[in-house]
Amino acid sequence: MPDAITPIYTIEALASGDGRNGHVTSTTGRIDTDLAVPKEMGGSGANLPNPEELFAAGYAACFHSALQAVARSQKADLGDSSVGARVSIGSNGEGGFGLAVELEVVIPAQPHDAAQALAEAAHQMCPYSNATRGNIPVTITVSDD
C-alpha cells in the first residue's frame, strides 16, 4: 500500500468544548453541530449526533458511491440499491476502545452471487474500507431485500 496519496480534495473539521459532548464544525460550515454522548455510553442521550453516527453516515455514503462506480464499470444494474452502516464502539480489552463496522448492501436488481461480487469489488475501491482494512473488523452482508 502506498505511504501517501495525491489529494484531490481535503476537508478540515474542528472539535471544541467537551469532546464527545462538545461541538464540531467543518471549514465549509456545512457541519456545525453540538454532539452528545449516547445514553448507552453513560451520556445524556440528547437528540444530537455522536462521532460514531457521523462515521456510519460517511462510510455508508462512500461505500454506496464505490458500489455505483463498480457497477458503472461493469455495466451492471443496481436497481434501487442501498448501503447501511452499523458502527459499534466498545472496549478493546486493552484499556482503550475500538470500533467495528457492519455494512448491509442491498442490490435488488442482481442475483445474490453477482451482488456479492459487486460489494466485494466496492470494498476494494472505497476509501473508508481501505482506511479501516486491517485496523477494525468490517463485515459486509449482501441482503436480498
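What number of residues within the range 82-99 satisfy the criterion of being surrounded by 14 or more Cβ atoms within 10 Å (Cβ to Cβ) and in contact with a helix residue (DSSP H, G or I) (Cβ under 8 Å, 6 or more places away or on another chain)?
8
Considering the range 116-145 alone, what residues qualify as being in contact with an Asp or Glu (Cβ under 9 Å, 6 or more places away or on another chain) and crowded, with 17+ Cβ neighbours inside 10 Å?
Val138, Ile140, Val142
Being at pLDDT 95 or above, in contact with a Ser or Thr (Cβ under 8 Å, 6 or more places away or on another chain) and not in a strand (DSSP E or B) narrows it down to one of Ala66, Ala57, Ala76, so name that one.
Checking each option against the conditions leaves just Ala66.
Does the range 1-23 hold any residues that are in a strand (DSSP E or B) and over 27 Å from Gly134 (Cβ atoms), and which are they?
Passing the criteria: Leu14, Ser16, His23.
Within the range 59-81, which residues are open to solvent by 20 Å² or more (accessible area, probe 1.4 Å) and of a type in the set (Gly, Ala, Ser)?
Ala61, Ser65, Ala69, Ser73, Ala76, Gly79
The values are calculated or read from the model by the stated rules, or taken from the named source; none is laboratory data. Remember, it's a predicted structure, so these values are computed and weren't measured experimentally. FYI the Cβ positions are ideal-geometry reconstructions off the backbone, even for glycines, and counts take in every protein chain you see. Heads up: the accessible areas ignore ligands, DNA and RNA and are worked out on the full protein's heavy atoms, side chains in. Shrake-Rupley method; radii C 1.70, N 1.55, O 1.52, S 1.80 Å.
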